[in-house]
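**Student:** Submitted below is the structure of interest, expressed as structure tokens.
The values are calculated or read from the model by the stated rules, or taken from the named source; none is laboratory data. What you are looking at is a predicted structure, and each value in this text was computed from that prediction instead of being measured. Here the Cβ positions follow ideal geometry from the backbone for every residue, glycine too, while neighbour counts run over all protein chains shown.
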Amino acid sequence: MNLTEQLEELDCAEDFFDLLQVDYEPAVILNKRVPLLRLFHQALADFEAPELKDYQAALSKAYCLLKHGVRADFAASKCATCSSECG
């Protein structure tokens, strides 16, 4: 299974840290998983064809930003223009 397939199978933020072997403090991401993953997604946008090191860098950046109180810009995500009723 390649990295992309492995990433698609992950169920929670902690799984990303484990798979990508990025250190984290569970208390930092407690109740902040969605903002973390949104920041991660935004950081990945910097890479045209991400490789393992790029995913690791993006997750590390997202974690660092979250740890320092930075939140993802909701308007920058696709959610701001989505017509779906996500619940």
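**Student:** May I ask you to verify whether ARG38 is touching a Cys at 6+ places or on another chain (Cβ under 8 Å) and either at pLDDT below 95 or surrounded by fewer than 17 Cβ atoms within 10 Å (Cβ to Cβ) (or both)? So that I can check it myself, show each step before the final result.
**Tutor:** Working: touching a Cys at 6+ places or on another chain (Cβ under 8 Å): no; either at pLDDT below 95 or surrounded by fewer than 17 Cβ atoms within 10 Å (Cβ to Cβ) (or both): yes.
No.
**Student:** Being crowded, with 18+ Cβ neighbours inside 10 Å and of a type outside the set (Ser, Thr, Tyr) is the filter here; which residues of the stretch 58-74 pass it? Show your work before the answer.
**Tutor:** As a first pass, look at the stretch 58-74 and keep what is crowded, with 18+ Cβ neighbours inside 10 Å: 58-59, 62-63, 65-66, 72.
The answer is ALA58, LEU59, ALA62, LEU65, LEU66, ALA72.
**Student:** Need pairs with beta-carbon distance below 6 Å; first residue touching a residue at least 24 places away in the same chain (Cβ under 8 Å) and farther than 15 Å from LEU10 by Cβ and within the stretch 31-50, second of a type in the set (Gly, Ala, Ser) and assigned to a helix (DSSP H, G or I); sequence gap 6+ or separate chains.
**Tutor:** LEU39/ALA62
**Student:** Conditions first: (1) in a loop (DSSP other than H, G, I, E, B); (2) modelled with pLDDT of 95 or more. CYS86 passes all but one, so which condition is the exception?
**Tutor:** (2)
**Student:** Could you please let me know if LEU59 is at pLDDT 90 or above, among the aliphatic types (A, V, I, L, M) and in contact with a Lys or Arg (Cβ under 9 Å, 6 or more places away or on another chain)?
**Tutor:** So LEU59 fails the test.
**Student:** Can we say ASP23 is of a type in the set (D, E, K, R) and at pLDDT 95 or above?
**Tutor:** Details: of a type in the set (D, E, K, R): yes; at pLDDT 95 or above: yes.
Against the criterion (of a type in the set (D, E, K, R) and at pLDDT 95 or above), ASP23 qualifies.
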